[in-house]
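Note sheet for the following structure.
The values are calculated or read from the model by the stated rules, or taken from the named source; none is laboratory data. Just so it is clear, the structure is predicted and the values come from calculations on it, not from any experiment. When we count neighbours, we look across all protein chains shown, and the Cβ atoms used for this are built from the backbone with ideal geometry, even at glycine. Areas reflect the complete protein model, heavy atoms only, side chains present, ligands, DNA and RNA absent. Shrake-Rupley method; radii C 1.70, N 1.55, O 1.52, S 1.80 Å.
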Amino acid sequence: MTAILVLCTANICRSVMAAAFLARRLAGLRAQAVVNSAGFLHSGEPPPPEVIAAMAGRGCDVAAHRSRVVSGADLAMAGLVLGLAREHVRLAVAEVPEAWPRCFTLKELVRRGELVGPRAAAEPVADWLSRVQQGRSRSALLGDSAADDVADPTGGPPPAYAAAAADLGQLTARLARLGWGGLQSGNMPPEVDY
């Protein structure tokens, strides 16, 4: 069972959406994985109405979600840590340095995973992440980058939330296909535009 932890700043928007999409995709593949999310600010906060609406329009009910602050134990136990921006990876690795080889931004993992190829059916997740990790430099996570960061719609208009949800739906589909798509006897379930 792979524990996947999705991180964003407040755990009320991007990480909530990404975790819901990824959990649904992996459940559809019957993957041996559990997906949780966390943030770095406050616990107990609900998602904004715009997040709830954007996700409801894609068949995901996140209204019951409440934010939680990530702990060192969360980071130490996760087999894969996905930040929605470079800053989330930097904060996670500063908290638990040994998390570095299994800590990526979602966009970075998808990009690098597509370069090295999908995980083989008998390949442990840690081995695939090791292949993806090769040649990676911590200094590449300095600053912000559209290539690695999912834009934060917080405080923006409803279309910004819908755009973030669409982006995260596509990214999580690509990740599921790379990391778990080859594990079933058939192909991925039909693509659904989340």
With criteria (1) open to solvent by 10 Å² or more (accessible area, probe 1.4 Å); (2) touching a helix residue (DSSP H, G or I) at 6+ places or on another chain (Cβ under 8 Å), Ser71 comes up short on (2)
- Confirm whether Asp127 is more than 17 Å from Ala31 (Cβ to Cβ) and either among the charged types (D, E, K, R) or at pLDDT 95 or above (or both). no
Pairs returned, first residue in the range 38-67 that is at positive phi, second residue that is at pLDDT below 95, beta-carbon separation under 9 angstrom, 6 or more apart or interchain, are Gly59/Val192; Gly59/Tyr194
**Condition met for Asp152 (acidic (Asp, Glu), open to solvent by 30 Å² or more (accessible area, probe 1.4 Å) and over 15 Å from Cys13 (Cα atoms))** = no
Of Glu87, Glu98, Glu45, the only residue that is open to solvent by 60 Å² or more (accessible area, probe 1.4 Å) and either in contact with a Ser or Thr (Cβ under 6 Å, 6 or more places away or on another chain) or under 18 Å from Arg174 (Cα atoms) (or both) is Glu45
Asn11: passes all of (1) at negative phi; (2) open to solvent by less than 20 Å² (accessible area, probe 1.4 Å) but (1)
Scanning the range 116-144 for residues that are in contact with a helix residue (DSSP H, G or I) (Cβ under 6 Å, 6 or more places away or on another chain) and surrounded by 12 or more Cβ atoms within 10 Å (Cβ to Cβ) gives Val116, Pro118, Arg119, Leu129, Arg131, Val132, Gln133, Leu141
Those residues of the range 150-173 that are outside any helix (DSSP H, G or I) and of a type in the set (Asp, Glu) come to a total of 1
